[in-house]
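Participant: Can you read through this structure? Questions will come right after.
The values are calculated or read from the model by the stated rules, or taken from the named source; none is laboratory data. Just so it is clear, the structure is predicted and the values come from calculations on it, not from any experiment. Here the Cβ is made from the backbone with ideal geometry for all residues, glycine too, and neighbour counts use every protein chain on show. Ligands, DNA and RNA are excluded from the accessible area calculation, which covers all protein heavy atoms including side chains. Shrake-Rupley method; radii C 1.70, N 1.55, O 1.52, S 1.80 Å.
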Amino acid sequence: MAKGSALASIQIPLVLLLAIFVCSEADLLGPYGCCRGKETNITVYLQVFTGGPNTTSVAVAGAPGMPRTPSNFGTIIVNDAKMTQGISNNSPTIGRAQGIYIASSRDGSTSQGIFSLLFHNFQYNGSTLEFQGPGYNLQVGGTAREVPIVGGTKTFRLARGYGFFQTVLQNAAQNKTVIRGGITVIQCPGGGKV
């Protein structure tokens, strides 16, 4: 019996310590169990070129016998676009948008994307935001699309949120598309500590 009571006397403080930890962490959560962290809103412009000497978007695979275009089912496109502060290609560069998109609907209207925004500007230098999910094929125009943030690094470590991406300029003669991203990032306290 002495061993049992000694074990119980150790377990009770451990349970209390765990309860204190859980309650302190619960203070960081909103009513739906989501982090009530810092909200940051960022606007970026992706400068996408599908041809010419400045090509940033290349179709690397597709369905056999079909042209490799963004609107053809099964086409896989790799992107490495300049990310700027403004709509102009001459606006200050704040990073790169790199990723893979797959035309995932048979009618070519939507794609599945995995991409990163890699920041090089002073405020977020070295930080990334990671996106994954379905999206409208913005290189062929259309309405805006919301894409979830599934994580991040450095300043955006443990980030969640969404990006609202929309084509704002198309110039077929220059093979150019500009996509505006209105991004809302939620960071849990302690997530961005280095």
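Participant: What shape does segment 84-163 have by the C-alpha gyration tensor, where a ≥ b ≥ c are the square roots of the eigenvalues, rounded means a/c under 1.5, and otherwise prolate means a/b greater than b/c and oblate the rest?
Facilitator: On the way: a/c = 2.59, a/b = 1.45, b/c = 1.79.
Verdict is oblate for segment 84-163.
Participant: Here's another thing I want to ask about it. So, with a 1.4 angstrom probe, what is the percent of accessible area on segment 73-138 that is carbon and sulfur?
Facilitator: Values: 1750 of 3100 Å².
With neighbouring chains kept in place, the figure for segment 73-138 is 56 percent.
Participant: What do you get for chymotrypsin sites (Phe, Trp or Tyr not before Pro) in segment 65-138 restricted to DSSP loop and a cutoff of at most 13 other Cβ within 10 Å of the site's Cβ? Write out the running numbers ahead of the final one.
Facilitator: On the way: sites: Phe73, Tyr101, Phe115, Phe119, Phe122, Tyr124, Phe131, Tyr136; in loops: Phe73, Phe122, Tyr124.
For chymotrypsin sites (Phe, Trp or Tyr not before Pro) across segment 65-138 that sit outside H, G, I, E and B with at most 13 neighbouring Cβ atoms in 10 Å, the list reads Phe122.
Participant: Sticking with this structure for a sec: Would you mind computing, in nm to one decimal, how far apart the modelled labels at Arg106 and Val150 are, each placed 7 Å from Cα along Cα→Cβ?
Facilitator: 2.6 nm
Participant: A further question follows. Work out, step by step, the length gained on full extension between His120 and Thr43: first 0.36 nm times the residue separation, then minus their alpha carbon distance; give nm to one decimal.
Facilitator: On the way: separation 77, 0.36 × 77 = 27.72 nm, distance 1.46 nm.
Contour length minus Cα-Cα distance gives 26.3 nm.
Participant: In addition: Considering segment 45-133, what Rg and Dmax in Å follow from its alpha-carbon atoms?
Facilitator: Every Cα atom of segment 45-133 included, Rg and Dmax give 14.3, 47 Å.
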